[in-house]
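K.L.:
Got a structure for you, questions after.
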Amino acid sequence: MKYLLEIGTEELPPKAINIAREFLKEKLNEIFLNFFEYISPENIEEFATPRRLAFLIKNLKEKEDSEKQVLIGPPAKVAIDNEGKFTKAALAFASKNNIPIEDLKIIENEKGKYIGAEIIKEGKNIREVIKKEIPEIISKIPFPKTMKWDNSNFRFSRPVRWVVSLLEKEIVEFEIGNIKADRYTYLHRFMTKPVGRGEKKEIQEAGVYEEITKMGFIIGKYEERKKAIQTQAEGFANSLEATCILDEELLDEVVNLTEFPVGILGDFSPEYLILPKEVIITVCKSHQRYFNFEKDGKLIPKFLAFSNTAVKDRDIVKKGYEKVLKARLEDALFFYEEDLKHNLEEFYPKLEGIQFHQKLGSVLDKVKRNGNIATLIAKNIDFKETKDLERANKLSKCDLLTEMVKEFDELQGIMGMHYALKQGEKEEIAKAIYEHYLPISSEDDLPQTNLGTILALADKLDTVISFISIGEKPKATADPFAVRRAAIGIVRILVEKQIDINLETLLNEIEKEAKKKYILAFAGINKNWEVEFEKNIKPEILDFIVGRFIAYMKDKGFSTDIINAVVSTGDFNLYRNYLKIKAIQEFKESPDFNEVMTVFKRVGRIIPENFQEKFDKSFLEQQEEKDLYEKYEEIKNEFEEEIKQKDYKNALATLLKLKPYIDKFFDNVMVMVKDSQKKNNRLSLLKKIDNMFKKIADFTKITT
């Protein structure tokens with residue numbers, strides 16, 4: 001059997017379509033799970049366009065399978081009297097569950113003997129489930145915004161105009177607001193008559209839905225519309241001997257804006273190519289939903305728009321598109337020329353007038369904090385170009401006051417880079433203005449220049465420190481100030497740019513400098529910064545960033561136990577932690593891994609918590625403990641040098657040299673003897689070795 005559900009609406013916003021189709025597909029799979037003849041990804045076929053959300057559910061049974069159940073009643077000693085007759089308790093149990101008295105029997109389980117019965121629970125009929133469950137899940141689609149449009153009080157992203165509910169040929173009735181489910185759909189709004197509403201079309205049976213809609217100029221499947229757009233874009237690009245810039249976000253939006261996408265190639269005047277490439281692309285994307293073309297890395301004066309209608313005279317539509325784009329590009333050119341009349345540095349003092357956050361001061365305050373943190377980072381990694389760093393930081397947010405960025409805020413940083421180059425700044429300084437925002441997402445590019453890397457790290461650290469310090473730590477479902485994104489950026493920069501810096505050390509230096517230079521100047525106004533920073537904020541900041549590091553490493557495919565074993569040592573150098581995890585993960589492939597880990601764990605587990613090491617070589621008695629100590633002394637310097645050089649693979653190999661000596665020690669030496677002096681000295685020797693292990697990981701946390 002097949003079941004068709006279609007919700008016909010006024011044009012839905014593109015993001016709402018994605019939310020609805022993902023939610024409904026998941027919930028429909030749950031609802032019909034027990035009705036599928038077999039489980040397959042092809043059981044649910046989805047169709048989603050601006051005017052319709054539709055699902056064809058296949059391979060269905062009329063009813064759920066019946067289920068045998070055992071109902072347990074009161075204990076037998078309560079349910080049966082001395083004469084072997086059922087008591088009131090037994091009769092009440094039978095009556096409550098509609099069980100004939102003769103079906104009652106004694107059921108024995110691990111708790112004893114009870115009165116009970118075996119019953120057959122009839123499976124639900126699919127029609128009952130559709131009538132009850134479908135309206136409920138439709139009402140629960142998690143749209144960001146909903147509306148009412150009639151007196152039913154039903155809310156949806158846009159007005160619902162029709163509903164189709166067909167089980168094979170049969171209408172399964174229910175209501176959505178004031179709309180009763182039926183068998184009629186509406187075809188393309190403009191390519192069928194009446195124009196504006198589209199032809200009303202009867203669907204005789206569920207299985208012909210796709211055929212009917214395609215005949216009515218509806219490409220219902222998302223992937224098919226996407227492929228149609230990509231194919232047309234490729235065709236136009238080939239004709240121009242160019243490449244179409246298919247931005248994924250824009251592509252997704254255009255797919256969800258059309259039911260029958262028709263590409264229209266347009267032109268704009270080459271005079272606008274004086275604008276930075278990103279400006280033209282942003283104007284086309286943000287305002288018009290147009291795609292651009294490039295040849296040899298440079299834009300050409302062509303664009304590709306997609307209409308939702310095939311028209312006879314495309315030239316009329318083309319001219320309309322060109323006219324609108326010309327006005328937008330004219331505005332952008334005006335902004336660009338006006339901005340070039342000013343030097344970026346002129347905007348620096350005016351940043352005082354832009355509020356960063358009511359508790360965190362102005363954007364100028366943030367720039368100053370960024371600069372001081374950047375100086376500390378530069379000092380830690382021995383970066384010498386401090387004058388360039390100061391200059392790049394000073395100019396980093398100045399483009400926020402340019403006309404172009406006021407109009408297109410997504411161009412912040414990009415315009416700063418272009419304006420800086422125009423006014424003669426060094427190329428690395430100009431690039432750093434753009435790069436200090438990177439990475440914008442978890443998959444985004446990282447800064448490439450040293451200046452950009454340091455400024456990006458400083459900017460994100462200030463964001464995390466600042467917002468956590470005022471109690472604005474992200475929640476599971478909300479991160480309004482992008483603090484989580486900033487922390488992910490910190491992790492990616494430290495690891496992927498191979499920055500050998502300890503975050504705890506850096507935070508200590510920031511705290512120290514804050515008291516002198518007011519890195520966090522707002523703190524003196526809003527709270528007692530010393531108490532908060534020293535007692536609460538640093539551990540909270542470190543935990544938050546390390547949490548993102550753990551998630552990042554899991555995404556990279558590393559084992560959770562190995563990640564935790566390394567992180568639990570309390571080393572806040574994320575790049576070094578990454579190298580340790582990588583070395584242990586590679587070692588895990590070794591056939592000796594389990595055996596070695598067992599030995600390493602044994603050392604860690606025998607040492608009592610909070611044990612204070614107090615070792616004296618002269619107290620060593622047995623040859624095995626002397627041999628272990630001598631081997632420890634022999635490899636110690638080699639191991640420390642390998643740790644210093646971040647050569648954790650060889651450091652692990654060096655530790656492995658201890659294994660036979662540890663084995664002999666545990667085989668022949670009793671550690672927990674009555675003589676406390678001997679016991680503590682042997683524990684102290686093991687503690688020395690365990691401290692060496694913990695320079696890499698807490699091996700007790702690794703599963704074998």
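Just so it is clear, none of the values below were taken in a lab; they were calculated from the coordinates. Nothing here was measured: the structure is a model prediction, and the numbers come from that model. Virtual Cβ from ideal backbone geometry, glycine too; neighbours counted across all protein chains shown.
K.L.:
Taking one equal scatterer on every alpha-carbon of the stretch 260-370, how large is log10 of I(q)/I(0) by Debye at q = 0.11, 0.17, 0.23 1/Å?
P.N.:
Reported log10 I(q)/I(0), two decimals: -0.53, -0.85, -1.18.
K.L.:
With unit charges on the beta carbons (Lys and Arg positive, Asp and Glu negative) and the dipole taken about the Cα centre of the chain, which residue among L333, N178, L91 sits farthest to the positive side?
P.N.:
Highest projection toward the positive end goes to L91.
K.L.:
Then there is this: R161's amide H: which non-local residues (gap 5+, or another chain) put their own amide H closer than 5 Å, with H modeled 1.01 Å from N in plane and none for Pro or chain starts?
P.N.:
G8, T9, E10
K.L.:
In µm²/s, what is D for the stretch 67-121 at 25 °C and 0.890 mPa s, where D = kT/(6 pi eta Rh) by Stokes-Einstein and Rh is the Kirkwood radius from Cα pairs?
P.N.:
It comes out at roughly 220 µm²/s.
K.L.:
Which residues' amide hydrogens lie under 5 Å from the amide hydrogen of I176, considering only partners 5 or more residues apart or on another chain, with H built in the peptide plane?
P.N.:
A181
K.L.:
Suppose R0 equals 35 Å. What FRET efficiency, 1/(1 + (r/R0)^6) with r the Cβ-Cβ distance, do K277 and E42 give to the nearest 0.05?
P.N.:
0.20
K.L.:
I'd like the distance separating the alpha-carbon centroids of the stretch 178-193 and the stretch 449-500, in whole Å.
P.N.:
That distance is 50 Å.
K.L.:
Next up: Which number do you get for Rg(Cα) / (2.2 N^0.38 Å) in the stretch 195-326?
P.N.:
Here the Cα radius of gyration is 1.18 times the empirical estimate.
K.L.:
Against the empirical 2.2 N^0.38 Å scaling, what ratio does the C-alpha Rg of the stretch 305-416 come to?
P.N.:
Rg over 2.2 N^0.38 Å, computed on Cα atoms: 1.57.
K.L.:
Have a look at T449, F293, N43 and report the one farthest towards the positive end of the charge dipole of the chain, computed about the Cα centre with Cβ charges (Lys/Arg +1, Asp/Glu -1).
P.N.:
So the residue furthest toward the plus end is N43.
K.L.:
Sticking with this one: Let me check against my output: what whole-number percent is the relative contact order of the stretch 222-332, with C-alpha pairs under 8 Å and at least 6 apart?
P.N.:
This gives 31 percent for the stretch 222-332.
K.L.:
Add -39500 (n - 2.57) for each DSSP H run of 4 or more in the chain, then divide by its residues: what number comes out at 222 nm, to the nearest 500 deg cm²/dmol?
P.N.:
-14500 deg cm²/dmol, from helical runs alone.
K.L.:
How big, in percent, is the set of alpha carbon pairs in the stretch 587-701 lying more than 17 Å apart?
P.N.:
Summing the P(r) tail past 17 Å for the stretch 587-701 gives 54 percent.
K.L.:
Still on this structure, please answer the following. What are the ³J(HN,Hα) values, in whole Hz, obtained from phi via the Karplus relation 6.51 cos²θ - 1.76 cosθ + 1.60 with θ = phi - 60°, for each residue of the stretch 300-313 in sequence order, with x given for Gly and Pro?
P.N.:
10, x, 9, 9, 10, 10, 10, 8, 8, 9, 8, 10, 5, 10
K.L.:
Which one, L251, L265, P194, is farthest towards the positive end of the dipole of the stretch 171-282 when Lys and Arg carry +1 and Asp and Glu -1 on their Cβ?
P.N.:
Final value for the positive-end residue is P194.
K.L.:
For the stretch 662-693 and the stretch 570-614, what is the separation of their Cα centres, given in Å?
P.N.:
Their Cα centres are 18 Å away from one another.
K.L.:
So what does log10 I(q)/I(0) come out to for the stretch 116-260 at q = 0.12, 0.14, 0.21 Å⁻¹, using the Debye formula with one equal point on every Cα and no solvent?
P.N.:
-0.71, -0.90, -1.38
K.L.:
Nearest 20 debye, what's the magnitude of the dipole of the stretch 156-197 about its Cα centre given +1 on Lys and Arg Cβ and -1 on Asp and Glu Cβ?
P.N.:
Using only the charged Cβ atoms, the result is roughly 380 debye.
K.L.:
Here's something else I'd like to know. Obtain the radius of gyration and the Kirkwood radius of the stretch 364-448 from its C-alpha atoms and give Rg over Rh.
P.N.:
0.97
K.L.:
Using Cα centres only, tell me the gap between the stretch 387-434 and the stretch 128-177 in whole Å.
P.N.:
The stretch 387-434 and the stretch 128-177 have Cα centres spaced 50 Å from each other.
K.L.:
What length, rounded to one decimal in nm, is gained on full extension from N691 through to K664, with 0.36 nm per residue of separation minus their alpha-carbon distance?
P.N.:
Separation in residues times 0.36 nm, less the Cα-Cα distance, equals 7.7 nm.
K.L.:
Using the beta-carbon distance between T704 and A89 and R0 = 56 Å, what value does 1/(1 + (r/R0)^6) give for FRET efficiency, to the nearest 0.05?
P.N.:
0.55
K.L.:
How are the C-alpha pair distances of the chain spread across 10 Å bins, as whole percents from the shortest bin up?
P.N.:
With a bin width of 10 Å, the distribution comes to 2, 11, 14, 15, 17, 16, 13, 8, 4, 1, 0.
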